1. For the stretch 200-233, give me each residue that is within 18 Å of the chain's Cα centre (by Cα) and farther than 17 Å from GLY36 by Cα.
2. Only one of these is touching a helix residue (DSSP H, G or I) at 6+ places or on another chain (Cβ under 7 Å) and not β-branched (Val, Ile, Thr): ASP66, ASP38, ASP21. Name it.
3. Looking at (1) in a helix (DSSP H, G or I); (2) touching a residue at least 24 places away in the same chain (Cβ under 8 Å), which one does GLY166 not meet, given that it meets all the others?
4. I need a count of the residues in the stretch 238-280 that are surrounded by 15 or more Cβ atoms within 10 Å (Cβ to Cβ), of a type outside the set (Ser, Thr, Tyr) and either without any contact (Cβ under 8 Å) to a residue 40 or more places away in the chain or not in a helix (DSSP H, G or I) (or both).
5. Could you say which residue among PRO145, PRO130 is touching a Cys at 6+ places or on another chain (Cβ under 6 Å) and not hydrophobic (A, V, I, L, M, F, W, C)?
6. Does the stretch 202-247 hold any residues that are aliphatic (A, V, I, L, M) and either modelled with pLDDT under 95 or touching a Lys or Arg at 6+ places or on another chain (Cβ under 6 Å) (or both), and which are they?
7. Every residue in the stretch 24-77 that is in contact (Cβ under 8 Å) with a residue 12 or more places away in the chain and acidic (Asp, Glu), please.
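The values are calculated or read from the model by the stated rules, or taken from the named source; none is laboratory data. These numbers were taken from a predicted model, which means no experiment stands behind them. Here the Cβ positions follow ideal geometry from the backbone for every residue, glycine too, while neighbour counts run over all protein chains shown.
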Amino acid sequence: MLFKGSGVAIITPFTNTGDIDFEALGELIEFQIKEGIDAIISIGTTGEAATLSKDEKLEVINFTIDKVNRRVPIIVGTGSNNTKDAVSFSKEVSELDIDGLLVVSPFYNKGTDTGLIEHFTEIANVSKVPVMLYSVPGRTGHNIPLNVVVELSKHKNICGIKDASGDLSYTMNIRNNTPDEFQIISGNDDLTVPMLAVGAEGVISVVANVFPKETSEMVHSFLNGDSKKSKELQLKLLPFIEAAFSEVSPVPIKYATHLLGFGTPELRLPLTVAEESVQQSIHQTLKNLNKL
């Protein structure tokens, strides 16, 4: 088990000139830990891994390791649609002081079922830490097929799946057809509580960049048997969740973290700073929730 509860898919702050803002990243990490986050997920989709060089990724990972100092688990995104690169990078990163890898399914050249099984198996075979699959059809164009997940769940070094399918039937079928120790983690902020109800054990959250305490309380309330409080928190956060995904992520959340003082709202092309209407929506929802 990599973690149970709420993990933050942490942003990578940039300066106005497009460089990584390590000061802002350090402040955000401290905020997350102080507010009770259960894990930090580095250089994932929200961390703009697609526009970071390999050297930059390693800088961010090593900075995060030093800053976290073993206080919470660190999970690192190492996926690629090039199996050779994914294997090499995953092996290298897994030898650092981290707790797990998050590996997205190949995109663009999506692969057959056999190809997907071999892709993930090769990565898991070389990794020194457990591997979590990542199914996100909104980014890759496909779910990892159920039969592929079931087969991969038998691998001793594949510990679970981040399910961002938005499909509760898919989630339930995974739960029904994999070992109990194979973790399901929600990848959808708007479906966290429903997914917990059908067998998930936590969330990897974008919204937790701004609401780490509330996201953690929502998950742990459910896991501790207080579904009423968990539901109330899910509904309370819903207006911000909708605002945070009103434009392609992580565009809105970066504007939100900027408003809280964690760096600029800058992203790397082809992503651009949030449109004015999105900025207004983010500002208003944060104000309504007493964050500003």
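1. Taking the stretch 200-233 first, the residues within 18 Å of the chain's Cα centre (by Cα) are 200-220.
The one that is within 18 Å of the chain's Cα centre (by Cα) and farther than 17 Å from GLY36 by Cα: ALA200.
2. On the way: ASP66 fails: touching a helix residue (DSSP H, G or I) at 6+ places or on another chain (Cβ under 7 Å); ASP21 fails: touching a helix residue (DSSP H, G or I) at 6+ places or on another chain (Cβ under 7 Å).
Only one candidate qualifies: ASP38.
3. (1)
4. So the count comes out to 18.
5. On the way: PRO145 fails: touching a Cys at 6+ places or on another chain (Cβ under 6 Å).
It is PRO130.
6. First pass over the stretch 202-247, keeping only residues aliphatic (A, V, I, L, M): 203-204, 206-208, 210, 218-219, 223, 233, 235, 237-238, 241, 243-244.
The answer is ILE204, and nothing else.
7. Listed by number, the residues that qualify are GLU27, GLU30, GLU35, ASP38, GLU48, GLU56, GLU59.
Residues are listed down the side, and each one gets a yes or a no for (1) in a helix (DSSP H, G or I); (2) modelled with pLDDT of 95 or more:
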| residue | (1), (2) |
| --- | --- |
| ILE117 | yes, yes |
| GLY138 | yes, no |
| ILE144 | no, yes |
| VAL148 | yes, yes |
| LYS162 | no, yes |
| PRO194 | yes, yes |
| GLY199 | no, yes |
